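The values are calculated or read from the model by the stated rules, or taken from the named source; none is laboratory data. Note that the structure is a prediction, hence the values are computed from the model and not measured. Heads up, the Cβs are rebuilt from the backbone with ideal geometry, glycines too, and the neighbour counts pull from every protein chain shown.
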């Protein structure tokens with residue numbers, strides 16, 4: 001389906017069902033798609049868009065050993081330096097208390113979801129997507145991280161994303177940011193004594209962890225395109241920048 005304005009799309013390569021979970025928002029933050037799919041499904045959806053900004057929940061490149069060099073200069077113990085496998089962006093987030101997976105210097109040693117992400121970036125490049133920000137391009141791609149997104153949006157480390165409370169928290173955060181999705185507070189209106197006694201929860205009102213991660217990425221893409229003054233950038237271009245949906249970052253989360 002073709003939309004008249006730009007589409008802001010978040011893609012998460014850690015789907016439990018297919019290779020990807022992806023979400024799309026329009027200019028007014030209406031949800032235009034939320035699905036699981038393979039590479040060809042994403043290609044087909046993006047091919048229909050006249051303009052699109054895509055945020056991917058995966059590293060855009062491998063480590064260049066820059067963090068290791070930093071640690072050597074700081075006279076860190078050699079055995080500690082050898083164990084360092086992460087990019088500058090990941091290191092800077094960890095220093096703020098946001099612990100995300102580190103990216104190896106060799107693609108073959110990375111997690112499988114990272115490898116899927118690398119392949120996605122390559123496919124997006126073939127489709128004509130250019131690294132954000134590129135104001136004169138109708139197809140742009142950027143890297144983000146869902147855990148870091150929810151940390152900065154909440155102002156603290158959120159509850160576990162697989163827990164009921166964590167899903168409620170994340171959906172409420174996105175809802176209050178203006179994304180036109182189901183109000184998670186409706187969840188509590190559906191709870192009755194009978195349902196509780198039977199262990200029946202209205203979980204159909206909540207998105208899955210992967211869907212919430214994709215939505216956070218889509219919102220980041222929307223913010224980067226429409227309100228770039230309200231985003232933060234972590235890392236260095238040589239290794240890959242992580243875009244986060246908050247203007248100012250705390251020193252510790």
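Please specify each residue of segment 128-149 satisfying the condition of being surrounded by fewer than 17 Cβ atoms within 10 Å (Cβ to Cβ) and either over 17 Å from residue 9 (Cα atoms) or without any contact (Cβ under 8 Å) to a residue 24 or more places away in the chain (or both). Let's see the steps before the verdict.
Looking only at segment 128-149, we keep the residues that are surrounded by fewer than 17 Cβ atoms within 10 Å (Cβ to Cβ), and these are 128, 130, 133-138.
Hits for segment 128-149 are 128, 130, 134, 135, 136, 137.
Before we move on, is residue 102 touching a residue at least 60 places away in the same chain (Cβ under 8 Å), in a loop (DSSP other than H, G, I, E, B) and over 17 Å from residue 54 (Cα atoms)? Break it down stepwise before answering.
Numbers: touching a residue at least 60 places away in the same chain (Cβ under 8 Å): no; in a loop (DSSP other than H, G, I, E, B): yes; over 17 Å from residue 54 (Cα atoms): yes.
Here the answer is no, as residue 102 does not meet what is asked.
One residue is enough: does segment 234-244 have a residue meeting the conditions out of contact with any helix residue (DSSP H, G or I) (no Cβ under 9 Å at 6 or more places or on another chain) and either surrounded by 12 or more Cβ atoms within 10 Å (Cβ to Cβ) or over 25 Å from residue 36 (Cα atoms) (or both)? Yes, some residue in segment 234-244 is out of contact with any helix residue (DSSP H, G or I) (no Cβ under 9 Å at 6 or more places or on another chain) and either surrounded by 12 or more Cβ atoms within 10 Å (Cβ to Cβ) or over 25 Å from residue 36 (Cα atoms) (or both).
Among the residues making up segment 19-69, a single one is surrounded by 15 or more Cβ atoms within 10 Å (Cβ to Cβ), in a loop (DSSP other than H, G, I, E, B) and free of Cβ contacts under 8 Å to residues at least 40 places away in the same chain: 26.
Do we find that residue 148 is in a loop (DSSP other than H, G, I, E, B), at negative phi and modelled with pLDDT of 80 or more in this structure?
On the way: in a loop (DSSP other than H, G, I, E, B): no; at negative phi: yes; modelled with pLDDT of 80 or more: yes.
No.
Out of all the residues in segment 122-134, is one or more in a helix (DSSP H, G or I) and under 14 Å from the mean Cα position of the chain (by Cα)? If you could, list the steps in order and put the result at the bottom.
From segment 122-134, those in a helix (DSSP H, G or I) are 122-126; that's our starting set.
Narrowing the set further to residues that are under 14 Å from the mean Cα position of the chain (by Cα) leaves none.
Checked segment 122-134: no residue is in a helix (DSSP H, G or I) and under 14 Å from the mean Cα position of the chain (by Cα).
Looking only at segment 150-171, residues that are out of contact with any helix residue (DSSP H, G or I) (no Cβ under 7 Å at 6 or more places or on another chain), surrounded by fewer than 16 Cβ atoms within 10 Å (Cβ to Cβ) and within 17 Å of residue 210 (Cα to Cα) come to 3 in all. In segment 216-233, how many residues are under 23 Å from residue 65 (Cα atoms) and crowded, with 20+ Cβ neighbours inside 10 Å? Within segment 216-233, residues that are under 23 Å from residue 65 (Cα atoms) and crowded, with 20+ Cβ neighbours inside 10 Å number 0. At least 3 residues being farther than 17 Å from residue 89 by Cβ and at pLDDT 95 or above is the threshold, and among the helices (runs of 4 or more DSSP H) wholly inside segment 168-253 those reaching it are 209-226.
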